[in-house]
Ligand code: MG
């Protein structure tokens, strides 16, 4: 199944009172449009992105797409007079192999990858869906400043985007709308009027449309919220000492008459750090991502596994703030090697060495560590939303 997102940007944004179109205003130092495209770029269910923008903005948008390294954006198309005309222009350039189309407002940057993926899945199942949220406030119908009636709130939803459709359904809805000279306020309404049921996918109250200066301020607030909420993960690993093995810790080979038993290079320090990072992301543990039954990981350098976790962090929009680890072993002494270990971890995770701390200590002769049977490592990772 191939899914394409049509991201449609509006006009000049008169309600905003700024001279720049809304989609180019900055939130948290990043243009709204770049934030929005970034979500679809990362959503695994989306294969391609078509951008529809006012003709005058296409040059600037093209530069932003290039400098952001977005690889899914295949077309930039000039918009039409109304939003519906713009979406139609986008539909007209879709390649033949596209099965599902997600239409999204360029100025809804707080949509999430999970919600995009879910709405694509639901549209493939039902044919037509809209992301939306139940109405929280009481809605009144008002005529000449006077309440005409109070509308029953039960069953009322606010439609957001993305609205996602099987391609043939949306094509038919557009063909009929233009045949009848009909203009709707969203894409779902065009589909509803041809008798195809549209299903609601519960969205998020944070999936706001940036329309007024207050929305911009709220958007700033939300990006700050995201970056200030840290998560912490705890990792632990232990390995038994074995003859005829190398001792590798933190990617550094340490001279020793024996090493650690294990499927990979048995780098218990990196394994504990990986478990801490996965824990802070709520992504399970090392065994889930790298099963030791998989021959691909036999003898592999654990730094390669850490690279995989680095990429997962990027996909999950997480940034490593700090890592702290304690290695428990009786011998050999590690002090001479901890700087090299820190550098390996920092380089692999693309963070400063000062964000990595590694300590080593003995277990005072007690337990399996104290008796020299093996080593144990504890690690803590602190992550922020990037
Ligand atoms: Mg291990």
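The values are calculated or read from the model by the stated rules, or taken from the named source; none is laboratory data. Quantities reported herein were computed from a predicted structural model and do not represent experimental measurements. Every residue, glycine as well, gets a Cβ built from its backbone with ideal geometry; the counts of neighbours run over all protein chains shown.
Return yes when residue 150 is in contact with a strand residue (DSSP E or B) (Cβ under 7 Å, 6 or more places away or on another chain) and over 28 Å from residue 110 (Cα atoms) and no when it is not.
yes
Output the residues belonging to region 203-235 that are loosely packed, with under 14 Cβ neighbours inside 10 Å and at pLDDT 95 or above.
Once the filter is applied, which keeps residues that are loosely packed, with under 14 Cβ neighbours inside 10 Å and at pLDDT 95 or above, region 203-235 yields 232, 234.
Scan (1) assigned to a strand (DSSP E or B); (2) within 20 Å of residue 384 (Cβ to Cβ); (3) away from the ligand (no atom under 15 Å from the Cβ) for the single condition residue 280 breaks and write down its number.
(1)
Consider region 76-104. How many of its residues are out of contact with any helix residue (DSSP H, G or I) (no Cβ under 8 Å at 6 or more places or on another chain), closer than 22 Å to residue 117 by Cβ and not in a helix (DSSP H, G or I)?
2
Restricting region 184-202 to residues that are touching a helix residue (DSSP H, G or I) at 6+ places or on another chain (Cβ under 7 Å) and assigned to a loop (DSSP other than H, G, I, E, B), which is surrounded by the fewest Cβ atoms within 10 Å (Cβ to Cβ)?
Looking at residues that are touching a helix residue (DSSP H, G or I) at 6+ places or on another chain (Cβ under 7 Å) and assigned to a loop (DSSP other than H, G, I, E, B), I get 194.
For region 315-330, what are the residues that are touching a residue at least 40 places away in the same chain (Cβ under 8 Å) and within 32 Å of the chain's Cα centre (by Cα)? Talk me through it step by step, then tell me what you get.
Let us first name the residues in region 315-330 that are touching a residue at least 40 places away in the same chain (Cβ under 8 Å), namely 315, 317-330.
Of everything in region 315-330, those that are touching a residue at least 40 places away in the same chain (Cβ under 8 Å) and within 32 Å of the chain's Cα centre (by Cα) turn out to be 315, 317, 318, 319, 320, 321, 322, 323, 324, 325, 326.
Whether any residue in region 309-322 is surrounded by fewer than 18 Cβ atoms within 10 Å (Cβ to Cβ) and within 22 Å of residue 240 (Cα to Cα) is what I want to check.
No: zero hits.
For region 223-232, state whether one or more residues are away from the ligand (no atom under 16 Å from the Cβ), over 28 Å from residue 332 (Cβ atoms) and part of a strand (DSSP E or B).
First, the residues of region 223-232 that are away from the ligand (no atom under 16 Å from the Cβ): 223-232.
Those still in the list that are over 28 Å from residue 332 (Cβ atoms) too: 223-232.
Remaining after also requiring part of a strand (DSSP E or B): 231-232.
Yes, region 223-232 contains a residue that is away from the ligand (no atom under 16 Å from the Cβ), over 28 Å from residue 332 (Cβ atoms) and part of a strand (DSSP E or B).
Please go through region 233-269 and pick out each residue that is within 10 Å of the ligand (Cβ to nearest atom) and out of contact with any strand residue (DSSP E or B) (no Cβ under 8 Å at 6 or more places or on another chain).
If the condition is that a residue be within 10 Å of the ligand (Cβ to nearest atom) and out of contact with any strand residue (DSSP E or B) (no Cβ under 8 Å at 6 or more places or on another chain), then 263, 264 are the ones that fit.
Which of the residues spanning region 210-222 are in contact with a helix residue (DSSP H, G or I) (Cβ under 7 Å, 6 or more places away or on another chain) and either within 16 Å of the ligand (Cβ to nearest atom) or under 30 Å from residue 128 (Cβ atoms) (or both)?
Within region 210-222, 210, 211, 212 meet the criteria.
Among the listed residues 97, 114, 105, which satisfies the condition of being under 23 Å from the mean Cα position of the chain (by Cα), surrounded by fewer than 16 Cβ atoms within 10 Å (Cβ to Cβ) and under 25 Å from residue 197 (Cα atoms)?
On the way: 97 fails: under 23 Å from the mean Cα position of the chain (by Cα); 105 fails: surrounded by fewer than 16 Cβ atoms within 10 Å (Cβ to Cβ).
When all the criteria are applied, what remains is 114.
Under 6 Å between Cβ atoms, at least 6 apart or on separate chains: pull out the pairs that start in region 268-292 with a residue that is free of Cβ contacts under 8 Å to residues at least 60 places away in the same chain and within 17 Å of residue 375 (Cα to Cα) and end on any residue that is part of a helix (DSSP H, G or I) and within 9 Å of the ligand (Cβ to nearest atom).
Taking only residues 6 or more apart or on different chains, the pairs are 274/286.
Within region 331-386, how many residues turn out to be assigned to a strand (DSSP E or B), touching a residue at least 60 places away in the same chain (Cβ under 8 Å) and buried (at least 20 other Cβ atoms within 10 Å of the Cβ)?
Within region 331-386, the first condition is being assigned to a strand (DSSP E or B), and the residues that meet it are 356-361, 374-385.
When the remaining residues are screened for being touching a residue at least 60 places away in the same chain (Cβ under 8 Å), the result is 358, 374-385.
Still in the running and buried (at least 20 other Cβ atoms within 10 Å of the Cβ): 358, 375, 377, 379, 381, 383.
Total satisfying the criteria: 6.
Scan region 287-304 for residues that are within 10 Å of the ligand (Cβ to nearest atom) and either in a loop (DSSP other than H, G, I, E, B) or within 27 Å of residue 335 (Cβ to Cβ) (or both) and jot them down.
Hits for region 287-304 are 290, 292, 302.
State the number of residues belonging to region 108-160 that are in a strand (DSSP E or B) and either without any contact (Cβ under 8 Å) to a residue 12 or more places away in the chain or in contact with a helix residue (DSSP H, G or I) (Cβ under 8 Å, 6 or more places away or on another chain) (or both).
Qualifying residue count for the region: 13.
What are the pairs with Cβ atoms under 6 angstrom where one residue, in region 72-90, is closer than 18 Å to residue 47 by Cβ and the other, located anywhere, is surrounded by fewer than 19 Cβ atoms within 10 Å (Cβ to Cβ)? Sequence gap at least six, or different chains.
Final answer for the pair search is 75/93; 76/58; 76/62; 77/89; 77/93.
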